[in-house]
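The values are calculated or read from the model by the stated rules, or taken from the named source; none is laboratory data. Just so it is clear, the structure is predicted and the values come from calculations on it, not from any experiment. Cβ atoms come from the backbone with ideal geometry, glycine included; neighbour counts cover every protein chain shown.
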Amino acid sequence: MKASTLAKELKNYLLNEEEGFFIAAKPLKTKKIATVKTESAVKKAVTKKAKPEVKTVVKDKATALAELAEQITKCTRCELGKTRIKAVPGEGNINTKLMFIGEGPGFDEDRQGRPFVGRAGQLLDKIIAAMGFKREEVFIANMVKCHPMKEPDNPEKHGNDRAPNQEEIALCRRYIEQQIAIISPDFIVALGSVAGRSLIKDVPTFSAIRGKIYDLNLTYATPAKPIKILATFHPAALLRNPAWKKDAWADLKILLAAMGREPAKTIVKQG
């Protein structure tokens, strides 16, 4: 598919690098982990006359993501786009097998245009390293691409962050789903309740989904292959509640086992 054609398709869809590399690791001798399936993930009956499902297959990931990022930086579909300093599309290895998705940019991200660069981002970097990866080997993004603020008229105020609301998530959802479909990772880590409950459907509470592996089912895009997702605590929550780090690490070891990998080390404590 030509880049110009792909860009046109992405534009119409939203309006209605390098070769990736991956650290090899010793496979774990573990039992096969059962995948939790929600009701919405149950396959529909297929008849002989049924049309084949259309998959999102992208030949030129870099071009597709660049075009999508351009759309994001110009977006004003919700109020967040009118009060942001910089949009934060996401960054990382576009050929990765592992993607991390948080809820939204904060104070530092709003100024740098990059995801997870504040204190929570520093802890996420340590978590990624503990899992045996480097930050540049994974892709990091958020459910919404602009900074949700308690006081939008006071963007220079620290401690002005808030979680995105349902309307903001709904208006921004096509962007993150299209990123997922383009990158097509094998696994996604949803960081926190907002990302977890937005991407894992038919679940009552965050505690009900934490530490379990689900089949990912998107609303506006269909990845070219099956993708698994696991939800755990957001790094910002771990900074506020250090005792939760043990539980978060247990969640991530479940993911590593499913990937056939061993952790590099335990999470480094952060004061």
Considering only residues that are farther than 12 Å from N142 by Cα and touching a His at 6+ places or on another chain (Cβ under 7 Å), look in the stretch 105-119 and name the one that is surrounded by the most Cβ atoms within 10 Å (Cβ to Cβ). D110
Name the pairs whose Cβ atoms lie under 7 Å apart, with the first residue in the stretch 156-180 and exposed (fewer than 15 other Cβ atoms within 10 Å of the Cβ), the second of a type outside the set (S, T, N, Q), and 6 or more positions between them or separate chains? K157/E151; H158/F107; R162/P148; R162/M149; R162/K150; E167/C78
Return the residue satisfying two criteria in turn: it lies in the stretch 189-216 and is among the polar types (S, T, N, Q) and at pLDDT 95 or above, and of such residues it is surrounded by the fewest Cβ atoms within 10 Å (Cβ to Cβ). S193
Tally of residues being part of a strand (DSSP E or B) and of a type in the set (A, V, I, L, M, F, W, C) across the stretch 210-241: 4
Within the stretch 233-242, can one find any residue that is modelled with pLDDT of 95 or more and of a type in the set (G, A, S)? yes
Note on G192: of the conditions (1) in contact with a helix residue (DSSP H, G or I) (Cβ under 7 Å, 6 or more places away or on another chain); (2) of a type outside the set (D, E); (3) on the phi < 0 side of the Ramachandran plot, unmet is (3)
Checking L256 against (1) outside any loop (DSSP other than H, G, I, E, B); (2) within 12 Å of the chain's Cα centre (by Cα), which test does it fail? (2)
Close pairs from the stretch 111-130: first basic (K, R), partner surrounded by 21 or more Cβ atoms within 10 Å (Cβ to Cβ), Cβ under 7 Å, at least 6 apart: R114/V88
